[in-house]
Structure formats: C-alpha cells, structure tokens
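Notes to accompany the following structure.
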Amino acid sequence: MPIIELEGVWKRYESGTETVEALKDVNFAAEPGEFVAIMGPSGSGKSTMLNVLGLLDVPSEGVVRLDGRDVTDLTDEEMTTQRKRAIGFVFQNFFLIPTLSATENVEVPTLFGTDPTARERATRLLERVGLGDRLDHRPDQLSGGQKQRVAIARALVNEPRIVLADEPTGNLDRKTGRDVLELFTELKTEEDVAVIAVTHDDQLRQYADRVVNLVDGVLTEEGAEADAGTEPETTEEFGT
Amino acid sequence: MSLLDRLYRRVPALVMARRNLSRNRLRSALAALGIIIGVLAIASLGMFGTTLRTGASEQLGDIGNEISITPNPEAGFDRLTDRDVADIRRVTDEGVVVPVRQRSGTLTRGKDRRITTVYGIENPGALYEATDGRVPDRLRQGALVGATLAEQLDIEPGNRITLDNQSFRVVGVLEEENGISLLSPNSAVVVPMESFDERGYSQVVVKSPTGTAANETAMAVREELNDREEKVSVFELGSITEGINQFFGILNAFLVGIGSISLVVAGVSILNVMLMSTIERRQEIGVLRAVGVQKLDVVRMILAEAGLLGLVGGFFGAVLAVLAGLVLNQVVISDPWLTFAPANLLYIGLAVVFGIVTSVLSGLYPAWKAATERPVEALRK
Ligand SMILES: Nc1ncnc2c1ncn2[C@@H]1O[C@H](COP(=O)(O)OP(=O)(O)OP(=O)(O)O)[C@@H](O)[C@H]1O
Ligand SMILES: [Mg+2]
C-alpha cells in the first residue's frame, strides 16, 4: 500500500488578475523503501508538489492520502501532528539552527515533546550518517555536506515514513552530492522510508528507484526502460 | 543531569529562548536594560514615597494617639463634670485619661509680667516630659513651665513664680513640643488642679497607646456621652494623620505612575527587539513548524524569550532598587533598614511583576506573528 498518495491534485495561485496553475491534475503515489526523484525545469511546480506531499500546503482541488487516510482537510494542528509523526524534511539550504550543536539540531523535531530517548536516537543517527565525531559542533563548524547529513539525521529522528527533500544536493559539489544521495539509498531500506527528492541534478537519476517528470504542472512517469531500480555499484560505509 | 538540564528538558521553550537571547547578547542586554530602568524607577520612586512618609510622621510624632473631649456650648454645656470624667474613664479600654482645667492668668517673675495660659492638670506625667527638673505623676504643689516661657523669663526649677496672686515653686521645665499637639505646653504653665477655684473641666485629653485604640475610645465616648444630646465634641488628631497618610498615598501613586511610564517605554523596546529577532529567524521558525512544532509551542518559545528578558531585567532592577533605597534612606532619615519595610518590599515585588508582565505582553504580538506565518511562505527563498 502506498504511504503517500496524491489524487487529482490541482494547485492554483491567484495573484491579482492572473491565475497560475502550478499543479494540474497530478496523480502520484510512493511506497515505503522507495526512492522517487521528481525532475523538471525551474518553475514547473516541483516545490509546490513537495509542499502538498509534506502537508505544508493544501491543494486547491484533489485528495492527499497519508497511510491510506484522507488528510486533505485537516486543521493546522492536526497537520502539524501528522508532519511530526510521519514526515521528515531535507532542504536545499539545510536550514539548521545556528545556535544549536549537531545533536541538538537533530533533536529539534523532538524538542517540544517528552521523549526521553530522543538524545540517544539523535546520537545514533549522527553516528549512522558519519558524524559521530562532530556531535557537539555547531553548524558554522561543519562543511556543506556535513550540514546536509545533520539535516538528514534530523529528518529521520522521529522515525518518519516519508522523507521529502527539495534540491538536497543543490548547494553541494558533485562528489559531496553523490555521498548524500548514496546515504539516501542506504537509509530508505534501513529505516523503511519513502524518499521523495526534487532535483535538477541529473546524477540523481542513477540513485533513484523511479523518476517522475514534472513539466508545467503536469506529472508524467518516466519510462520503465530508464535507469529506474538501478542500485549504485559502490556503497561506501559512513561513520564507524 | 543537573537541575537546570532537567528544567530545560521539561520546558523546551526555555532552552530555545535562552539560546535565542544569547545569539545577540548586546541587543538582549539593551532590551533588558530598559526593563531594569523601569523596575528601578517604579521601585525607587515608591520607596522614596515611603521615606517621605516616614520622615513626615516622625515630625508629627504620635499625635494620632490622642483625642480631646470638650463640652458643647451650643447645647448649653460649658463644663465637663466629675461624672463625665468618670464615664470617660469607664469607656476607655486602653490609655490615660487627663482632665484639664484652663484659664489665662498673669505670670509675674521679678519685674517681668506676662499673660499666659494656665492649665490645671492632676497627672501631667501622662502627657509631658521635663528637660529640667521633673514632671511628677501627681502634681500636688508647684508648677511646670513651658519651654518657650522658661527661656523668655529665664526660669529654672527651684525658682518661684507668681500667678495672679498665688505663688508657686517651679518643679520642672517642660520639653519643647515641635509637632502638633492638643495642649501645646510651650508658652503655658501647668499647676495643680486644686489651685483653680472653679469646679468641672474645660477639656479631657485621652492618650492611647495606638491610633486605633484612640479611635475606639473616641467612638466609645461619643456613644456614652452623646446618646441623648450632643453634650460633648470629640476631636481626634487621628483624622489629621489620616489625611496626611492619604496625601502621601496619592503622592506615592503619582511617583509610581511616573515610574510606570519608563516601563511602558521598556515594553516598546522589547516589542521592537522581539519583532526584529522573529523576522530574522523567519526561516528557522518555518523549519520548526515544518518538522512538527505546533503554533502554540512557537508562541511559548517567544513568550519565554520575552519573559526571560523581563525576569533578568526585573532581578537586576530590584537589586539596584535595594541599593538605591539603602543610600536614600541613609541620607534622608539615617535609617537604611527602612529599605526593607514591608511597604518597600511590596513596591519592589510589584515593580518586578510589572516588569515581567510588561515584557510578556510585549512579546505577544511578535509571538503571534511568528507562529501564524505559514511555513511554506517562511521557507521560500
Ligand atoms: N505563493 C505563490 N504565489 C504565486 N505563485 C506561486 C507561488 N508559489 C509558486 N508559485 C508559482 O507556481 C509555479 C511553480 O512554482 P514552484 O516553486 O513549485 O517551482 P519549482 O519547480 O520548484 O521551481 P524551481 O526549480 O525554480 O525551484 C511557478 O510559476 C511559481 O511562480
Ligand atoms: Mg523549487
């Protein structure tokens, strides 16, 4: 069963006189343990789609299903709760909190709860992404790739079912970007999450199980004959 | 895990708040400084009022403890009788009843002659002290001379004076009374009651240990003697002190009001600081909301920041106010410990509470604004 599903989703932005249709009748589904890449030119509606998938934005029309449940019309509070429970975010600009250490940054999504095992989980995840020796470093003491790995650990700390990444490699060089993508492919099976990444980055294609193309708000599945399902040959281990 | 760590674990908004404040220490310190000044202004102006009031009541002495009962000539009474005095004694719970006869007479000493007030008092010891000689508990012979008169006529204990045609030996010179007094002794002579020809008394003074007791006595006397007709009028100096207290109460409220203005200014500066810092942290708050932090938790976090500013400002403001109070009270009334009078502690407490409340109120708008911003908007670059 798909963990997240879009059915007939439209998103329109009214700005003054004209209406922009950012998503046009989008149908989409992702399974746990699957790495889906959303590709498309700038302005095609990729971020918009990711926001709808991440319950940050509501569609103008259509249905969003999380774990088989219709979540389209939830209140803000319920959506926030669902985000916390089921969804992790990774952003192009990392968006780490500058005053907090790596561990504390990973703990942020658990901060306003009363989970005593959060610290432990945060440490374990940082070790998993290869930052076991950077636990107490602040973001300005970390490289771009390290920051993004902290962000990935943060996305995973609440044991979500889906990780959404908007241009996760956008601010990284090719080599570092590859490391991050590799990490995603490892984690998707380890943590049994669906990874949905938006990208311009062509090298993402070889790591994704499936690629969907978004052009002018219209979503099309890329042919099965493409590299879908191809695992990268080399898998580096991170951390100790 | 230290106590602080455990507190932070319990109230995560506090951790975030403390970190956010330490991010721009100078700005936070300046915002707290506003609160410090406001709290200091309220507390020290309040304490200043207390100091003035204490100084004034030291000047006034304990006149609030005395009442005076005089006959009411309009109803045909121009004397108080022995029975009236007995009635007054009976209804006085605490305090000393001092019946007084009064006339004016010519005082002769050597060649000097002077018209003076003459009091006939049996127990002047209840009202007066002597600077020279002594004031007997029962005045049976001899006379007491007021301080001013004694100085003008150069009278000392042991001298003889003549009042009209009676001769008295002076047994004491009375202490000068600076404050307001019901029977001002300064230019008067006090002689034994028996040396008056008349019967009855022109007034009765009751001196009680406290103002409340005086007030109770006054009411009891009115009830006892005026139940059928207005036989006597009862004068309470307590009503004057009450008026003076009221005046100082108003003065204090005024001073504290002025202090509050500075606190309002401080509130505006906190509002400004919080607004700026939430705008700077727009994306960060967007991330918090995206990863599942509820609106209300964001509000809590920002209110905790404002509250911490208020708490720190209030604490240092209170410390400075105590120091200012010690100096003020030492200089004005040479009693620094008055700083810790209950009224002052109340002012300090109130000022701190005002400071914290002002800060939290000023945090409300920025908190609301930050929490209601949609994370999608905040995260768009
Ligand atoms: N809040 C908004 N108000 C009006 N129009 C918007 C808004 N957000 C997005 N759009 C429009 O919707 C379309 C899709 O935007 P979106 O950000 O999803 O594109 P994108 O595929 O992520 O582009 P990029 O690769 O440059 O990030 C664009 O034409 C954009 O101008
Ligand atoms: Mg985008």
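The values are calculated or read from the model by the stated rules, or taken from the named source; none is laboratory data. What you see is a predicted model; the values in this text were computed from it and never measured. Glycine also receives a Cβ, built like all others from the backbone with ideal geometry; neighbour counts cover every protein chain displayed. Just so you know, the surface numbers come from the protein's heavy atoms only, side chains and all, with ligands and any DNA or RNA stripped out. Shrake-Rupley method; radii C 1.70, N 1.55, O 1.52, S 1.80 Å.
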query = Which of the chymotrypsin sites (Phe, Trp or Tyr not before Pro) found in the stretch A:78-176 are loop residues per DSSP with 12 or fewer other Cβ atoms within 10 Å of their Cβ?
reply = none
ask   = Amide H to amide H under 5 Å from A:PHE112: which residues, 5+ apart in sequence or cross-chain, H placed 1.01 Å off N in plane?
value = none
key: Integer Hz, Karplus 6.51/-1.76/1.60 couplings in order for the stretch A:119-125, x for Gly and Pro   = 4, 4, 5, 4, 4, 4, 5
Amide H contacts of A:TRP10 (H built 1.01 Å from N, under 5 Å, at least 5 apart or other chain) = A:ASP25, A:VAL26, A:SER60, A:GLU61, A:GLY62
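In deg cm²/dmol and to the nearest 500, what is the mean residue ellipticity at 222 nm of chain B if only DSSP H runs of at least 4 residues count, each as -39500 (n - 2.57), divided by the residue total?
It comes out at -19500 deg cm²/dmol, rounded to the nearest 500.
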GNM top mover of B:ASP227, B:ASP335, B:ASP93 - chain B, alpha-carbon springs below 10 Å = B:ASP227
query = Any idea how far the Cα center of the stretch A:41-110 sits from the one of the stretch A:159-190, in Å?
reply = 16 Å
Minimum 50 Å² accessible area buried by the other protein chains, the stretch B:5-36 residues, probe 1.4 Å, relative to alone = B:ARG9, B:PRO12, B:MET16, B:ARG19
ask   = Can you give the accessible area per residue of the stretch A:4-227, in Å², using a 1.4 Å probe?
value = 39 Å²
remark   = Computed over chain A: longest principal axis from alpha-carbon atoms vs helix A:76-86 long axis, angle to nearest 10 degrees, is 60 degrees
query = Measuring from centroid to centroid over Cα atoms, what is the spacing of the stretch B:68-144 and the stretch B:280-356 in Å?
reply = 58 Å
message = I'd like the carbon and sulfur percentage of the solvent accessible area for the protein assembly as shown, probe radius 1.4 Å, heavy atoms only, ligands and nucleic acids excluded.
response = 53 percent
query = How large is ³J(HN,Hα), in whole Hz, for each residue of the stretch B:310-321 in order, when computed from phi with the Karplus curve 6.51 cos²θ - 1.76 cosθ + 1.60 and θ = phi - 60°, using x for Gly and Pro?
reply = x, 5, 5, x, x, 4, 5, x, 5, 4, 5, 5
task = Enumerate the amide H contacts of B:VAL98 below 5 Å, restricted to partners 5 or more residues apart or on another chain; note that Pro and chain-start residues carry no placed amide H.
result = B:VAL205, B:VAL206, B:LYS207
query = How far, in nm, would the chain grow between A:GLU21 and A:ARG69 when pulled straight, counting 0.36 nm per residue and subtracting the alpha carbon separation?
reply = 14.7 nm
key: Over chain B, relative contact order from alpha-carbon pairs under 8 Å, at least 6 apart, %   = 29 percent
task = Have a look at the stretch A:56-86 and report residues whose accessible surface goes down by 50 Å² or more when the remaining protein chains are included, against the chain on its own, probe 1.4 Å, ligands and DNA/RNA excluded.
result = A:LEU56, A:ASP76, A:THR80
inquiry  = Below 29 Å, Cα to Cα, which lysines can B:LYS207 reach? Residues fewer than 8 away in the same chain don't count.
reply    = B:LYS231
ask   = Once phi is turned into θ = phi - 60°, what whole-Hz ³J(HN,Hα) does the Karplus curve with 6.51, -1.76 and 1.60 give for every residue of the stretch B:352-357, x standing for Gly and Pro?
value = 5, 4, 4, x, 5, 4
note = Over 21 Å (Cα to Cα) among A:LYS147/A:LYS188; A:LYS24/B:LYS295; A:LYS24/A:LYS46; A:LYS11/A:LYS188 -> A:LYS24/B:LYS295; A:LYS11/A:LYS188
ask   = So how much accessible surface do A and B hide from each other in total, probe 1.4 Å, in square angstrom to the nearest 100?
value = 2500 Å²
